[in-house]
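The structure under discussion appears below in the form of structure tokens.
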Amino acid sequence: MTDRSAQATVDSLFIDRWSPRAFDGSALSDADRDSLFEAARWAPSAFNAQPWRLLYAQPGDPNWDRFLNLLVPANQAWARNASLLIFFVSAATSRGKPSHTHSYDTGAAWMSLALQAEKLGLRAHGMSGVDFDAARSELAVPEDFRIEAAAAVGRQTDPSSLPENLRAAERPSDRKPLSDVAIAGNFVA
């Protein structure tokens, strides 16, 4: 485990959250699944537009293999043991106009879901390793919506369950210094 320490006072929920790949494959109750989605539902959004749509599949349901096959092979290797796969989709328009904040707002829904997963003793791992073109077609996502990312949710297990090439990376990552991300005044590269 890396040294994950805060540079300012913050709830440990933020520090303890991380994105493992080693999941135990256990079933997720409907109540826990719905709790995750309820957390996402309450995320803030510009003009309360709530542009996100969460398309999901669970092991054993008719959509599981379809959803899994939309991930890049490297993500399929470990995500197959998750309890839930989710595609985060956002409406690119709001109130009849292009939305400048749809991705930002959907990111808030993702973070709400990820933190609720932590509260439930679960882990959530977001992924950009998706075949986005295939996902748009396979999931019938209209052109005025954008597939933002996918996520796997489940109960964390021992990294020995992972393919050998992924085991070494199975630890929480550190963060950039606060001074690199919060800048008073104008943008600094």
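Data overview
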item: Dipole of the range 21-158, positive end: most advanced residue of A151, S29, A49 [Cβ charges, Cα centre]; result: A49
item: Ranking of I15, I183 by count of other Cβ atoms within 10 Å, fewest first; result: I183, I15
item: Relative contact order for the chain, counting Cα pairs under 8 Å that sit 6 or more residues apart, in percent; result: 33
item: Förster radius 22 Å - calculated FRET efficiency between Y104 and S12, Cβ distance, rounded to 0.05; result: 0.30
item: Mean Cβ neighbour count within 10 Å, used as a protection proxy, ranking 115-127, 63-75 highest first; result: 115-127, 63-75
item: Label assignment, Rg and Dmax of the Cα atoms in Å derived from the structure, set (1) 22.2, 88; (2) 16.2, 54; (3) 17.3, 52; result: (3)
item: Residues in the range 135-165 reached by a label modelled at R66 [backbone nitrogen below 15 Å; 7 Å Cα→Cβ]; result: 135-142
item: Chain lengthening between R175 and F132 when straightened (0.36 nm per residue, less Cα-Cα); result: 12.7 nm
item: Two-site FRET efficiency, Q76 against F37, from Cβ-Cβ distance with R₀ of 30 Å, rounded to 0.05; result: 0.80
item: Over the chain: helical MRE at 222 nm, DSSP H runs n ≥ 4 each giving -39500 (n - 2.57), nearest 500; result: -9000 deg cm²/dmol
item: Taking T106, T157 and counting other C-beta atoms within 10 Å, the order from fewest to most; result: T157, T106
item: Y104, Y56 arranged by Cβ crowding within 10 Å, fewest neighbours leading; result: Y104, Y56
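All of the numbers you see were taken from the coordinates with simple rules; none came from a lab. Keep in mind it's a predicted model, so treat the numbers as computed, not measured. Don't worry about glycine lacking a Cβ; one is built from the backbone with ideal geometry, like all the others, and counts go over all protein chains shown.
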